[in-house]
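Any read-out appearing in this document is the output of simple, stated calculations on the displayed coordinates, not a laboratory observation. Source: prediction; values computed, not measured. All Cβ positions, even for glycine, are placed from backbone atoms using ideal geometry, and neighbour counts span all protein chains on display.
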Amino acid sequence: MTSRERVLTTFAGDEADRVPINYFANPDIDRRMKSHFGLTKDEREGLLQALGVDFRTVSAPYIGPKRHEDVP
């Protein structure tokens with residue numbers, strides 16, 4: 001199955017070939033994962049492909065007022 005088929009099949013409540021996976025990591029782990037796979041710090045898509053990640057995210061940066069003070 002393709003990632004798209006896997007995700008849509010799962011959302012429909014049917015059984016896919018495997019559970020769709022996503023990837024979230026803190027910056028240090030992300031950096032080490034990219035290093036492990038021989039990728040540069042800007043190669044997010046390459047890392048997602050190397051890990052077999054099924055989901056992609058579309059988002060806009062927050063540009064509103066600061067909500068709280070920075071944590072030291």
If each residue's Cβ is checked for other Cβ atoms within 10 Å, how do ASP17, ASP54, ASP30 rank with the fewest at the top?
ASP17, ASP30, ASP54
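Treat the count of other C-beta atoms within 10 Å as a stand-in for reagent exposure and order SER35, SER3, SER59 from fewest to most. Could you put the intermediate results ahead of the total?
On the way: SER35 11, SER3 16, SER59 5.
Least crowded to most crowded, the residues run SER59, SER35, SER3.
Can you tell me the FRET efficiency between ASN26 and LYS66 if r is taken as the Cβ-Cβ distance and R0 is 25 Å, rounded to the nearest 0.05? If you can, show how the numbers build up before the last one.
Details: r = 22 Å, r/R0 = 0.87.
Result of the calculation: an efficiency of 0.70.
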Cα long-axis angle, helix 27-36 against the chain (0 to 90 degrees, to the nearest 10)
50
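Between exposed GluC sites (Glu not before Pro) in the chain, where DSSP calls loop and at most 11 other Cβ atoms lie within 10 Å, what's the longest gap?
Working: sites that count: GLU15, GLU69.
Of all site-free stretches, the longest is 16-68.
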Report which label in [x] 0.98; [y] 1.10; [z] 1.06 holds the value of Rg/Rh (Cα atoms, Kirkwood Rh) derived from the coordinates of this structure.
[y]
Within the chain, longest stretch free of exposed trypsin sites (Lys or Arg not before Pro) [DSSP loop, at most 16 other beta carbons within 10 Å]:
19-40
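Helix-only mean residue ellipticity at 222 nm, the chain, DSSP H runs n ≥ 4 weighted -39,500 (n - 2.57), per residue, nearest 500. What is it? The partial results should precede the final answer.
Numbers: 3 runs with 27 residues, N = 72.
Per the formula, -10500 deg cm²/dmol.
Please give the net charge around THR10, taking every other residue with its beta carbon less than 14 angstrom from that of THR10, where Lys and Arg add +1 and Asp and Glu add -1. All intermediate terms of the calculation are to be shown ahead of the outcome.
Values: positive: ARG4, ARG6, ARG18; negative: GLU5, ASP14, GLU15, ASP17, ASP54.
Taking every other residue near THR10 into account, the sum is -2.
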